[in-house]
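Structure, as structure tokens:
The values are calculated or read from the model by the stated rules, or taken from the named source; none is laboratory data. Worth saying up front: this structure is predicted, and the values here are computed from it rather than measured. Quick reminder, even Gly has a Cβ in these numbers, built from the backbone with ideal geometry, and neighbours come from all protein chains shown.
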Amino acid sequence: MPAHNPLSEARSASSIGGAARGACPRVFFALWPEPGVQASLQAWGQAWAAVAGGRPCRAASIHLTLAFLGEMAPGGPALEPVRVAAAACALRPFTLVIDRAGCFPGRRLGWLGPGRCPPELLDAVDQLRRALTGAGVAFDPQPFVPHVTVLRGVRRFEYAAPPPPVQWPVASFALMASVPGEGGRIYRRLGEWSAAP
């Protein structure tokens, strides 16, 4: 891990406000695609729902989780070591090709993901987990499975014919918080770190 921090925090927020007052947000690191990529992934989910049943996810909520930290007050001091850990990671830009579908039957979720996981993505996750561990920040230790949830409440584990692969240029990762809201979870960006030029 480099001693010099090549990343810069682009945005931050001290609170997520506006949803489910009193609810403690779930905090996590994620890749957050641009709206055009989100729309393409949602369209795949909608076509799949016609075959498998279930509810397609809202385009604006589509993301790929890198590390799940659990419930945390976004305005509290506990976030400082989280940000320090993120700043210690050196993300290299890459293109993520989403070209396969899968299901988590127990949770009735349909997901999309890469047939080949780019080494840059695996390196980013490894760096982030090591930095969080070094900062004493707890996170879900389950093995990393790169996936984007696009369908909930799947009724039949059948697949639609895959559309053309979705090209997702990745040049940053974000710290996000989510709380329950009307029609699904509401997401707020707490920080974002960009790849070195």
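Quick check on my filter: what residues within segment 127-160 are without any contact (Cβ under 8 Å) to a residue 60 or more places away in the chain and farther than 22 Å from Ser61 by Cβ?
Thr133, Gly134, Ala135, Gly136, Pro141, Pro143
Please tell me if Arg108 is on the phi < 0 side of the Ramachandran plot and modelled with pLDDT under 95.
Spelling it out, it is not the case that Arg108 is on the phi < 0 side of the Ramachandran plot and modelled with pLDDT under 95.
Only one residue in Val150, Val137 is hydrophobic (A, V, I, L, M, F, W, C), touching a strand residue (DSSP E or B) at 6+ places or on another chain (Cβ under 9 Å) and in a loop (DSSP other than H, G, I, E, B). Which one?
Answer to the check: Val137.
Going through segment 27-56 one residue at a time, which ones are under 13 Å from the mean Cα position of the chain (by Cα) and either assigned to a strand (DSSP E or B) or surrounded by fewer than 21 Cβ atoms within 10 Å (Cβ to Cβ) (or both)?
Val27, Phe28, Phe29, Ala30, Leu31, Trp32, Glu34, listed by residue number.
Which members of segment 86-120 meet the condition of being among the hydrophobic types (A, V, I, L, M, F, W, C) and free of Cβ contacts under 8 Å to residues at least 60 places away in the same chain?
Hits for segment 86-120 are Cys103, Phe104, Leu109, Trp111, Cys117.
If you take the residues in segment 134-193 that are loosely packed, with under 14 Cβ neighbours inside 10 Å and among the acidic types (Asp, Glu), which one is modelled with the highest pLDDT?
So, considering only residues that are loosely packed, with under 14 Cβ neighbours inside 10 Å and among the acidic types (Asp, Glu), the one modelled with the highest pLDDT is Asp140.
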